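We did not get these values from a lab; they are worked out from the coordinates using the rules stated. No experiment lies behind these values; they were computed from the predicted model shown.
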Amino acid sequence: MLTFAAAVFFLIVTPGPGVLSIAGVGAGYGYRAGTRYLAGLFVGTNLVALAVVSGLAALILAEPRIRQVLFIASVLYLFYLALRIAFAGARVAFIETQKAPGFFGGIALQVINPKAYAVNTAFFSGFAFLPGHAGFEIALKFLIINAIWIPIHFGWLWAGVALRRLDLSRRAQFAINGVMAASMLAVVALAAYAAL
């Protein structure tokens, strides 16, 4: 169980679409909008986990054409986010619209997020720690995952809000955008590599 919890921590804390976007929403819109978006990410990630556990994701992704369309859409969306981050100019927040992405935006991101499916598949198909008690193990895994997921995402939201409050130089803001874009592109590259 401790190995599972450590894996959950390291797989969730690493930059991906969810944590990068929550930091961006925090930097662009503050805590209130960020918390609404975070709630959507939370529901979305649990919906993905339920789809993985129930086999629905495997059933849908078993059709090669559907899998390819979803994969292409996911990679293109993640690439689009990376470009928005990279070309945000001197602004740390990469979301330039007047209205923050809300609850349903968070759900939508997780539903098309390939990292969410890969991570949840790893969580629920591996790390068996209660042989013979699959239902109880799945319930414990949901509890452990969410107990780690929530503070990590609030931490990324806090980091975004903290960046918003800093009076950073243009050079520092460009550097932050570059790191965020590079992280997102790394996620895209890993997703593409995993699909090959």
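Some notes on this structure:
- Our coupling estimate for region 53-67, obtained by passing each phi through the Karplus curve with A = 6.51, B = -1.76, C = 1.60 and θ = phi - 60°, is 5, 6, x, 4, 4, 5, 5, 5, 7, 5, 7, x, 5, 5, 4 Hz, Gly and Pro reported as x.
- Per-q log10 I(q)/I(0), region 136-183, q = 0.14, 0.19, 0.27, 0.30 Å⁻¹ (Debye; single scatterer per alpha-carbon; no solvent): -0.53, -0.72, -0.98, -1.05
- Stokes-Einstein diffusion for region 1-47 at 10 °C, viscosity 1.306 mPa s, with a Kirkwood radius from C-alpha pairs, works out to 137 µm²/s.
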